[in-house]
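Notes for the one structure printed next.
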Amino acid sequence: MRKITVSNDFFAEAAEALRQGQTVKLLIGGQSMYPFIRGGIDLVEVVPCPPDGELPAWCCPFYQWEGRYM
């Protein structure tokens, strides 16, 4: 299995953009979400958390844990 690691600097910038209310688009690799997300083809749009803090059931959260972005 091929593994791609992205610098935490990129994710720190993405987190800051989200804190400012902006969205972040990522080209995702891999096939674990196929056919819903096609690796290397589909863009995923990451949006800021809703003001009430409640995430939809289908949501995949982007967060920081022990200094690493998940």
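Read the figures in this text as sums done on the coordinates, not as results from a lab. Everything numeric here is computed off the predicted structure, so don't read it as measured data. Neighbour counts are summed over all protein chains in view; Cβ atoms, including those assigned to glycine, are modelled from backbone coordinates with ideal geometry.
Evaluate the following for Asp9: is it of a type outside the set (A, V, I, L, M) and part of a helix (DSSP H, G or I)? When the stated conditions are applied, Asp9 passes them. Mind checking which residues of region 14-30 are without any contact (Cβ under 8 Å) to a residue 12 or more places away in the chain and either surrounded by 12 or more Cβ atoms within 10 Å (Cβ to Cβ) or of a type in the set (A, V, I, L, M, F, W, C) (or both)? Residues satisfying the conditions are Ala17, Gly30. Among residues belonging to region 45-66 that are closer than 18 Å to Ser7 by Cα and either of a type in the set (Val, Ile, Thr) or touching a residue at least 24 places away in the same chain (Cβ under 8 Å) (or both), point out the one that is surrounded by the fewest Cβ atoms within 10 Å (Cβ to Cβ). Applying the filter and picking the extreme gives Gln64. Among the residues of region 12-57, the ones that are of a type in the set (A, V, I, L, M), closer than 18 Å to Met70 by Cβ and assigned to a loop (DSSP other than H, G, I, E, B) come to 5 in all.
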